[in-house]
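The values are calculated or read from the model by the stated rules, or taken from the named source; none is laboratory data. All values derive from a computational prediction rather than experimental measurement. Backbone-built Cβ (ideal geometry, glycine too); neighbour counts: all protein chains shown. Accessible surface is based on the protein model in full, side chains and every heavy atom, while ligands, DNA and RNA are left aside. Shrake-Rupley method; radii C 1.70, N 1.55, O 1.52, S 1.80 Å.
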Amino acid sequence: MESYMVNAKSVPAVSVVMPVYDPPLQMLAAAIESILLQTFGDFELLILDDGSRDPQTHFYLDLSATRDPRVRVLHEPHRGLTPTLNRGLQLARGEFIARHDADDWSEPERFSRQAGYLREHPEVALAGTETELHRADGRPLWRMRLPHSQPEILQAFQTGNPFVHGSTMYRRDLALAIGGYRDEFPCSQDYDFFWRLTEAGGAVNLDEVLYHYRYTGGAVSAQRAADQARVERVSRSLAGARRRGEIEDIPAALRAAGDETPSRAFEATLKQADHLMLAGDFSGARRAYLRLLRSHPASGLAWAKTCRLAVFATIPKARAATFR
């Protein structure tokens, strides 16, 4: 159910799509405020509440809609992130879609820079930005270095996602033309989506920090990390099929990606521990690394990452160097 009646005569240039599922209210407030304070004002903020259970979330979202007519809130049954993103694409009215996560924040010039670039470069479908990484409490970590040009981005896709999802702005018509996000992918859906969008219309990352990504302790579990890795393997398989001119067979690619193996479970748990450390949850990270050491006492990687935690937690100036 939508929180207010849309004025059909006023079609915004940009639709900000923000899925929400019980985020910490302080983080949600910071995200919404950073959007409403954009120097580029021709946008709608489409907040899709994916079945949040906390009444305070409902109250705050509805209050936000009453305070600014650009805010549209839709309270939806819980579907998961991918169907919610696709619903946002369908409901959005803007020429451009700006993604934004509910626990991050943007610089005031972000929309102006991205919309301006896309208008000046009709051959480009997708524009991300450089991103500053932060702990859960907002304290800064370091700037994330991303590829900027189309050739660099296409090369980077071979090993990982060259975009920060929440930092992106893209053309809605082309996003719909390629089928949106694949419903078969419950997580890491942006990796495959941006790869296809880049192939269809070109992409860049603006060389300016315009987005702030926050690591949160509850954002990734070991199982979710394993699921993300599986989707990434499938995405690379499907990209290979496109390069060879073959038909994409998603069910076959999912089968070929295989189930979780002991080595993959180990890698997923390492990713979870890394994420906890970056969020600033050093106790949680320590417990996760120690579990790995108990189960894999001969693993040099597990020992190295446990030692890195000690450096990361005690010597702030060395933190960035431990991730190079």
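Listed values, structure above:
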{"quantity": "Where a residue in segment 12-30 is at positive phi and its partner, wherever it lies, is surrounded by fewer than 17 Cβ atoms within 10 Å (Cβ to Cβ), with Cβ under 7 Å and at least six apart", "calculated": "Asp22/Arg53; Asp22/Asp54"}
{"quantity": "Unique match (being more than 30 Å from Pro316 (Cα to Cα) and without any contact (Cβ under 8 Å) to a residue 12 or more places away in the chain) among Arg172, Arg196, Arg119, Arg182", "calculated": "Arg119"}
{"quantity": "Residue count for segment 161-181, restricted to those that are closer than 18 Å to Asp103 by Cβ and in contact with a Gly (Cβ under 9 Å, 6 or more places away or on another chain)", "calculated": "5"}
{"quantity": "Candidates Leu174, Leu154, filtered to the one that is in contact with a helix residue (DSSP H, G or I) (Cβ under 7 Å, 6 or more places away or on another chain), open to solvent by 30 Å² or more (accessible area, probe 1.4 Å) and over 27 Å from Asp227 (Cβ atoms)", "calculated": "Leu174"}
{"quantity": "Residues (assigned to a helix (DSSP H, G or I) and either surrounded by 17 or more Cβ atoms within 10 Å (Cβ to Cβ) or touching a Gly at 6+ places or on another chain (Cβ under 9 Å) (or both)) located in segment 63-82", "calculated": "Ser64, Ala65, Leu81, Thr82"}
{"quantity": "Boolean, Gly201 is open to solvent by less than 30 Å² (accessible area, probe 1.4 Å), over 24 Å from Leu45 (Cβ atoms) and not aliphatic (A, V, I, L, M)", "calculated": "yes"}
{"quantity": "Pairs with Cβ under 6 Å, 6+ apart, first in segment 125-151 and over 23 Å from Glu199 (Cβ atoms), second among the basic types (Lys, Arg)", "calculated": "Glu132/Arg143; His134/Arg214"}
{"quantity": "Residue satisfying all of: in segment 146-183; acidic (Asp, Glu) and over 17 Å from the mean Cα position of the chain (by Cα); farthest from Thr129 (Cα to Cα) among these", "calculated": "Asp173"}
{"quantity": "Residue check, Ser235 in contact with a helix residue (DSSP H, G or I) (Cβ under 9 Å, 6 or more places away or on another chain) and modelled with pLDDT of 90 or more", "calculated": "yes"}
{"quantity": "Complete set of residues in segment 297-324 that are surrounded by 17 or more Cβ atoms within 10 Å (Cβ to Cβ) and over 19 Å from Gly217 (Cα atoms)", "calculated": "Ala302"}
{"quantity": "Cβ-Cβ under 8 Å pairs, at least 6 apart or on other chains, segment 71-95 side touching a residue at least 40 places away in the same chain (Cβ under 8 Å), far side of a type in the set (Val, Ile, Thr) and not in a strand (DSSP E or B)", "calculated": "Val71/Ile32; Arg72/Val6; Arg93/Val6; Arg93/Val11; Gly94/Val11"}
{"quantity": "Scan of segment 93-142 for residues that are among the hydroxyl-bearing types (Ser, Thr, Tyr) and open to solvent by 30 Å² or more (accessible area, probe 1.4 Å), ordered by number", "calculated": "Ser112, Tyr117"}
{"quantity": "Residue ID - farthest from Ser167 (Cα to Cα), chosen from residues in segment 20-44 that are in a loop (DSSP other than H, G, I, E, B) and touching a Phe, Trp or Tyr at 6+ places or on another chain (Cβ under 7 Å)", "calculated": "Phe40"}
{"quantity": "Residues of segment 234-286 that turn out to be surrounded by 13 or more Cβ atoms within 10 Å (Cβ to Cβ) and either of a type in the set (Lys, Arg) or within 23 Å of Pro316 (Cβ to Cβ) (or both), as a count", "calculated": "19"}
{"quantity": "Some residue of segment 305-316 being in contact with a helix residue (DSSP H, G or I) (Cβ under 6 Å, 6 or more places away or on another chain), of a type in the set (Gly, Ala, Ser), part of a helix (DSSP H, G or I) and farther than 30 Å from Tyr181 by Cα", "calculated": "yes"}
{"quantity": "Hits in segment 273-288 (condition: among the acidic types (Asp, Glu) and in a helix (DSSP H, G or I))", "calculated": "Asp274"}
